[in-house]
Amino acid sequence: MKTAFVYTHRYFDYTYGTSHPLKNERLRMTHDLCGAYGLFDLPDTTLVETVPATEEEVLRFHKPDYIAELKKASRGLVYENFLYGLGPGDNPVFPGVWEWSLLQSGASLQCARLVAEKQVRIAFNIAGGLHHAQEDRASGFCYVNDPVLAILHFIDQGYRVLYLDVDAHHGDGVQWAFYDDPRVLTLSFHQDGRTLFPGTGGIAEMGKGKGEGYSVNVPMLPGTDDDVFWQGFVNIVPRLLEAFRPDVIVSQLGVDTFRDDPLANLELTTNGFCKVVSYLREQAPAWVALGGGGYNVDNVARAWTLAWAGMNGVELPEELPACRIQGMATEGRKLRDVPHSGYSQARCAQRIEECIRYLEANLFPIL
């Protein structure tokens with residue numbers, strides 16, 4: 001088992017702003033917590049310095065006019081251009097927004113290359129997973145869609161790709177990029193789009209043309225907890241793996257699904273999240289793992305540290321390291337969450353059962 005963690009301290013040259021919910025400090029906290037546990041000193045593990053993507057690589061998916069506008073915004077020549085999704089709110093213009101986007105997407109491309117070249121079986125980019133960006137505009141805190149770029153690299157090598165997204169928000173940018181492409185199966189577990197941005201990801205969104213049946217969505221009700229989520233996961237994911245037989249899995253591991261995240265309304269914890277990591281480590285033929293959402297920064301650091309440990313088959317002690325992690329409240333905290341049952345689970349479980357039955361009747365026969 002060989003693994004790679006792609007990272008650079010240059011991420012912190014850029015900021016969305018003090019009032020924006022996406023805090024790049026969560027990346028430093030994750031890196032430092034992994035280091036405090038000694039997770040970069042394991043055999044067959046390598047810490048790789050991020051190399052920025054090139055403009056040519058980004059243009060593999062994004063439109064030239066949008067990229068030109070993003071570069072101007074990065075230099076302070078544009079304050080807002082809502083035609084391209086740029087401006088106050090979700091997608092602020094800040095100094096170096098283009099360079100930041102090249103870094104975070106470049107790390108995902110490095111992961112894809114390392115896995116495609118069989119240098120490692122698993123590669124992790126915690127700065128990635130910015131799954132909302134469209135080919136011609138920014139959306140949902142995302143400027144360049146790094147999951148799409150990573151998947152395109154695998155397609156160019158002849159790989160079949162399963163994209164698995166467990167972020168609270170529907171992975172719309174990735175779904176639409178491959179909506180008519182049978183080489184990529186996109187699967188998103190997310191809070192029902194009728195209750196949360198981006199408002200898409202209904203179960204009937206199943207692809208079109210040659211891609212019909214290769215888009216799968218499991219919209220979960222607010223309040224869904226670990227047990228109900230896992231019921232859906234184990235009844236859907238193994239069957240899709242068996243039917244599609246991907247060469248590689250690209251996953252988005254957003255943790256805004258957790259019960260105290262400020263931007264969503266799900267009730268998951270590290271317990272359900274770690275089950276996903278363990279499953280993918282055992283079942284994925286090869287695996288590129290990307291970060292994603294997560295707006296309680298302590299949750300992000302704990303969860304992605306647990307993920308990196310799980311990718312390496314390491315069981316971590318419950319106590320957080322004695323050393324101080326900058327920006328992280330460690331006093332009285334444990335690494336894992338206490339097992340938790342959410343509220344109104346009967347209705348949440350009924351929704352999951354409805355999704356399973358719908359897929360059995362309408363999608364599994366196609367595959």
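Here, each number is a calculation from the coordinates, and none is a lab measurement. Quantities reported herein were computed from a predicted structural model and do not represent experimental measurements. Every residue, glycine as well, gets a Cβ built from its backbone with ideal geometry; the counts of neighbours run over all protein chains shown.
See the values below:
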{"read-out": "Difference of contour (0.36 nm per residue) and Cα-Cα distance, K275 to K210", "value": "20.1 nm"}
{"read-out": "Farthest toward positive dipole pole in the chain [+1 Lys/Arg, -1 Asp/Glu at C-beta], among H153, S251, F61", "value": "H153"}
{"read-out": "Nearest-0.05 FRET efficiency for Y358 and R160, computed from C-beta distance (R0 22 Å)", "value": "0.35"}
{"read-out": "Listed values [x] -0.83, -1.01, -1.17; [y] -0.64, -0.90, -1.29; [z] -0.56, -0.84, -1.38, entry calculated as log10 I(q)/I(0) by the Debye sum over Cα atoms at q = 0.10, 0.12, 0.15 Å⁻¹", "value": "[z]"}
{"read-out": "Fewest-first sequence of D227, D41, D165 by Cβ atoms within 10 Å of each Cβ", "value": "D41, D227, D165"}
{"read-out": "Choice from D261, D32, D156 showing the highest fluctuation, given a GNM over the chain with Cα pairs closer than 10 Å", "value": "D156"}
{"read-out": "Nitroxide proxy distance, nm - points 7 Å out along Cα→Cβ at D44 and I366", "value": "3.8"}
{"read-out": "Estimated [θ] at 222 nm from DSSP helical runs (n ≥ 4, -39500 (n - 2.57)) normalised by residues in the chain, nearest 500", "value": "-11000 deg cm²/dmol"}
{"read-out": "Highest-fluctuation residue, T257, T30, T46 considered, GNM on the chain with Cα pairs under 10 Å", "value": "T46"}
{"read-out": "Fewest-first ranking of I366, I122, using other Cβ atoms within 10 Å as the exposure measure", "value": "I366, I122"}
{"read-out": "Dipole-positive endmost among A107, A204, G272 within the chain (Cβ charges, Cα centre)", "value": "A107"}
{"read-out": "Label-point gap, in nm, between K72 and Q350 - each point 7 angstrom along Cα→Cβ", "value": "5.3"}
{"read-out": "Within the range 3-362, percent of DSSP bridges classed antiparallel, to nearest 5", "value": "10"}
{"read-out": "Ranking of R75, R160 by count of other Cβ atoms within 10 Å, fewest first", "value": "R75, R160"}
{"read-out": "Lysine pair number, Cα distance threshold 28 Å (strictly under), the chain, separation 8 or more or different chains", "value": "13"}
{"read-out": "Most fluctuating residue given options T50, T330, T305, as computed from a GNM of the chain linking Cα atoms under 10 Å", "value": "T330"}
{"read-out": "Spatial separation of Cα centroids for the range 132-156 and the range 1-34, in angstrom", "value": "19"}
